[in-house]
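Engineer: Just dropping this structure here.
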Amino acid sequence: MDNNQGTELKLLDFSKSLQIARALESLVLRGFGPQGLQTLMCTSTGQVLVTNNGATIFNALHIGHPAGRLMVKAIDKMIQYTGDGSKTFIVMLSEILQQIDRKYTEKDRGKMIREVTHFTHNVFPVLQKQVLDHSRTSSLINDKKAFCDSFDGVLRSVISPHYSARVVENLVTTVTSSFNFDLPSDHFYEQVSIITRNLSQFVVKTVGPSVTDSTTLDSFIIQRDFALHLNLCPMEKVRFVILMCSIEEQVKQEDNESIYLSTNDSLRNFMLYQRKRVDKFAQMCVEQKINVVISSVGIPKYCLQVLASRNISVIHYLEEEDVEFLSQMCRKHVILEFPRVQFTEKEIFVASSCQRVIIGGKPCVQLTPCGEGLAPYTKTLILAAPTDSLCGQLYTVIHKAIKSVYLSLILSEGPSCSSATIPGGTSFELMCSHFLTTGRWCKSKTLVNEGVQMASILAGAFVGVARILHRNVTETTQNQTRDFLIKLSRVWKRDADMNSLHCLGFDRRGTLLSNGLVMHITEN
């Protein structure tokens, strides 16, 4: 990096960036951890927010400084991938900047920043391997019970900071029941992937008396009413097509003007042509035993009457996202232009049932796709909360939990789906800090000389995160810091047994745990 680039780096005010990072950290600091407090804040529009979600808090801010906006954008990018970790991100960033501020002068800071890229490329892969080697791994095929326990544990760890223990257990049971653990490994992994990427299609939010009223429903819920209510509903063994085009022929502007200016006979002929076109479509449906027509566009009233005369139900104004999702799930094609002769087999969807249901006072359609080639299917989550706002918060928490589950899964050759997890309570941070401090991350002297300072900074930041969590889960006393240092020294004394180091962490009361057992601390 040349001097000009060094000058550009210097223009980024380090002290100001540190100040902004600490200010953002202060907003979520007391809400960090399983016993985190709620944050009360008022937005610029006068809206009052009471939340423990870091992303909600940061997105409600209007930050003017470029460095602050960059930090919030980085948090958003990370959440899009992981679904969680906004508070950990800003706490870690603040700790890193504080480490650099304490240990290095302004002249040396630029050099440290320039080493970040080199350090990232050479050390992070080794650190990732270390974490995976010391993770708890369970296979869906070989140890289904351990796999399910790990699955539940990840959900519980994400949901528990937001709700009481009773509500957490209810939500974990509800969410877990929407997955099919009897699927083959590759299909199960695909199922979790589909749900993670399309959760909004699997969730119906409804206002209810309590969060514990959340439940599941079989099949796919279309939040659109039937355009026609026929005696055939509910139906069994439904064959349906999905339209993303109009049944009527679209009239060009110049043709439309000529129709209005022409004689009544021309207008009559045009309407007769449109009616014949609709009759042809309805006849195609009858010949190929199509019971239901689903459309993303509105269907005119006279077309509905024609279809009703052939006992064909219609669901129209369907969201395009739902259309695309149904197409992906059933591995079928939607109709983009008016069919000339007949529907192809790839355009005909099959469902075991189709019925009208009322959810939260809203009319919906319950559709259960079936047939060969169907992607791994799941149930629909009905999320209930006393208000629309609380429903939104519940959805955000569930989405974070399911994303965390997805990221914990590993699909290896075989195929075999395994869950790789690390106990909470800063076990990850303590393990990474110890690994970086001992220098085991490097087998080359060249890398040691170029990255040892950055490793020291990162290790100190990991310890800082652990210290903050310990402070938030323990009683505030004069000996709180001393107590943490004693526990930290106990962790370092486990250096000889690296296989058990990953199990060291704090429980909800700040007690040091190893393999689920309390580690008794003695002062020597």
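Engineer: Taking into account only those residues within region 214-243 that are touching a helix residue (DSSP H, G or I) at 6+ places or on another chain (Cβ under 9 Å) and outside any strand (DSSP E or B), which is modelled with the highest pLDDT?
Structural biologist: Across region 214-243, the extreme among qualifying residues is 214.
Engineer: Could you list, in sequence order, the residues of region 269-285 that are more than 40 Å from the chain's Cα centre (by Cα), open to solvent by less than 50 Å² (accessible area, probe 1.4 Å), free of Cβ contacts under 8 Å to residues at least 60 places away in the same chain and under 15 Å from residue 339 (Cβ atoms)?
Structural biologist: 278, 279, 281, 282, 284
Engineer: Let me ask something additional. Would you please list the contacts, defined by Cβ atoms under 9 Å and residues six or more apart or on different chains, that run from a residue in region 331-348 that is open to solvent by less than 100 Å² (accessible area, probe 1.4 Å) to a residue that is of a type in the set (S, T, N, Q) and assigned to a loop (DSSP other than H, G, I, E, B)?
Structural biologist: 334/296; 338/246; 343/288; 348/288
Engineer: Related question: If you check 327, 389, which single one turns out to be of a type outside the set (Val, Ile, Thr), open to solvent by 30 Å² or more (accessible area, probe 1.4 Å) and under 24 Å from the mean Cα position of the chain (by Cα)?
Structural biologist: Details: 327 fails: open to solvent by 30 Å² or more (accessible area, probe 1.4 Å).
Answer to the selection: 389.
Engineer: Sticking with this structure for a sec: Could you say whether any residue in region 381-391 is in contact (Cβ under 8 Å) with a residue 12 or more places away in the chain, among the acidic types (Asp, Glu) and under 28 Å from residue 195 (Cβ atoms)?
Structural biologist: Looking through region 381-391, at least one residue is in contact (Cβ under 8 Å) with a residue 12 or more places away in the chain, among the acidic types (Asp, Glu) and under 28 Å from residue 195 (Cβ atoms).
Engineer: Any idea how many residues of region 1-26 are modelled with pLDDT of 85 or more and of a type in the set (Lys, Arg)?
Structural biologist: 2
Engineer: For residue 163, only one of the following conditions fails: (1) surrounded by fewer than 16 Cβ atoms within 10 Å (Cβ to Cβ); (2) assigned to a loop (DSSP other than H, G, I, E, B); (3) modelled with pLDDT of 85 or more. What is its number?
Structural biologist: Tallying (1) surrounded by fewer than 16 Cβ atoms within 10 Å (Cβ to Cβ); (2) assigned to a loop (DSSP other than H, G, I, E, B); (3) modelled with pLDDT of 85 or more, residue 163 fails exactly one: (1).
Engineer: Taking the stated definitions as given, is residue 26 more than 24 Å from the chain's Cα centre (by Cα) and open to solvent by 30 Å² or more (accessible area, probe 1.4 Å)?
Structural biologist: yes
Engineer: When residue 100 is evaluated against the numbered criteria (1) at pLDDT below 90; (2) among the aliphatic types (A, V, I, L, M); (3) closer than 22 Å to residue 411 by Cα, which criterion, by number, is the only one it fails?
Structural biologist: The single condition residue 100 does not satisfy is (3).
Engineer: Would you check if residue 451 is in a helix (DSSP H, G or I) and either in contact with a Cys (Cβ under 7 Å, 6 or more places away or on another chain) or modelled with pLDDT under 75 (or both)? Don't jump to the end; show me each part of the working.
Structural biologist: Numbers: in a helix (DSSP H, G or I): yes; either in contact with a Cys (Cβ under 7 Å, 6 or more places away or on another chain) or modelled with pLDDT under 75 (or both): yes.
Here the answer is yes, as residue 451 does meet what is asked.
Engineer: On the given criteria, is residue 63 within 14 Å of residue 24 (Cβ to Cβ), touching a strand residue (DSSP E or B) at 6+ places or on another chain (Cβ under 7 Å) and free of Cβ contacts under 8 Å to residues at least 60 places away in the same chain?
Structural biologist: no
Engineer: Checking residue 155 against (1) open to solvent by 20 Å² or more (accessible area, probe 1.4 Å); (2) in a helix (DSSP H, G or I), which test does it fail?
Structural biologist: That leaves (1) as the condition not met.
Engineer: Okay, moving on. When both residues are 6+ apart or on different chains and their Cβ atoms are under 8 Å apart, which pairs have a first residue that lies in region 67-91 and is farther than 18 Å from residue 463 by Cα, and a second that is loosely packed, with under 14 Cβ neighbours inside 10 Å and among the basic types (Lys, Arg)?
Structural biologist: Within 8 Å, the pairs are 67/16.
Engineer: Which of (1) over 30 Å from residue 424 (Cα atoms); (2) surrounded by 14 or more Cβ atoms within 10 Å (Cβ to Cβ) is the odd one out, the single condition residue 408 does not satisfy?
Structural biologist: Here residue 408 meets the rest and fails (1).
Engineer: Moving on. Within region 67-77, identify whether any single residue is closer than 23 Å to residue 157 by Cβ, at pLDDT 80 or above and out of contact with any helix residue (DSSP H, G or I) (no Cβ under 8 Å at 6 or more places or on another chain), and answer yes or no.
Structural biologist: Yes - at least one qualifying residue is present in region 67-77.
Engineer: When the residues of region 286-307 are narrowed to those that are within 16 Å of residue 354 (Cβ to Cβ), over 35 Å from the mean Cα position of the chain (by Cα) and not basic (Lys, Arg), which ends up surrounded by the most Cβ atoms within 10 Å (Cβ to Cβ)?
Structural biologist: If we take residues in region 286-307 being within 16 Å of residue 354 (Cβ to Cβ), over 35 Å from the mean Cα position of the chain (by Cα) and not basic (Lys, Arg), then 307 is surrounded by the most Cβ atoms within 10 Å (Cβ to Cβ).
Engineer: Here are some residues: 384, 351. Which one is more than 30 Å from residue 289 (Cβ to Cβ) and modelled with pLDDT of 80 or more? Show your work before the answer.
Structural biologist: Numbers: 351 fails: more than 30 Å from residue 289 (Cβ to Cβ).
Matching residue, one of 384, 351: 384.
Engineer: Looking at region 423-433 only, could you name the residues that are at pLDDT 80 or above and in contact with a helix residue (DSSP H, G or I) (Cβ under 6 Å, 6 or more places away or on another chain)?
Structural biologist: Of everything in region 423-433, those that are at pLDDT 80 or above and in contact with a helix residue (DSSP H, G or I) (Cβ under 6 Å, 6 or more places away or on another chain) turn out to be 429, 430, 431, 432, 433.
Engineer: Still on this structure: Of all residues in region 171-193, which are under 16 Å from the mean Cα position of the chain (by Cα) and among the acidic types (Asp, Glu)?
Structural biologist: Passing the criteria: only 190.
Engineer: Does residue 175 meet the test of being outside any loop (DSSP other than H, G, I, E, B) and either within 27 Å of residue 431 (Cβ to Cβ) or small (Gly, Ala, Ser) (or both)?
Structural biologist: no
Engineer: Is it the case that residue 468 is open to solvent by 20 Å² or more (accessible area, probe 1.4 Å) and modelled with pLDDT of 65 or more?
Structural biologist: no
Engineer: List pairs: first in region 303-314 and closer than 11 Å to residue 283 by Cα, second part of a helix (DSSP H, G or I), Cβ under 6 Å, 6+ apart or cross-chain?
Structural biologist: Correct list of pairs: 306/278; 306/282; 307/282; 310/282; 310/286; 312/285.
Engineer: Then there is this: Tell me which of these residue 54 doesn't satisfy, since it passes every other one: (1) in contact with a helix residue (DSSP H, G or I) (Cβ under 6 Å, 6 or more places away or on another chain); (2) closer than 30 Å to residue 402 by Cβ; (3) at pLDDT 85 or above; (4) not charged (D, E, K, R).
Structural biologist: (3)
The values are calculated or read from the model by the stated rules, or taken from the named source; none is laboratory data. On a predicted model such as this, the values are computed, not experimentally measured, just so you know. When we count neighbours, we look across all protein chains shown, and the Cβ atoms used for this are built from the backbone with ideal geometry, even at glycine. With ligands, DNA and RNA removed, areas are computed over all heavy atoms of the protein, side chains included. Shrake-Rupley method; radii C 1.70, N 1.55, O 1.52, S 1.80 Å.
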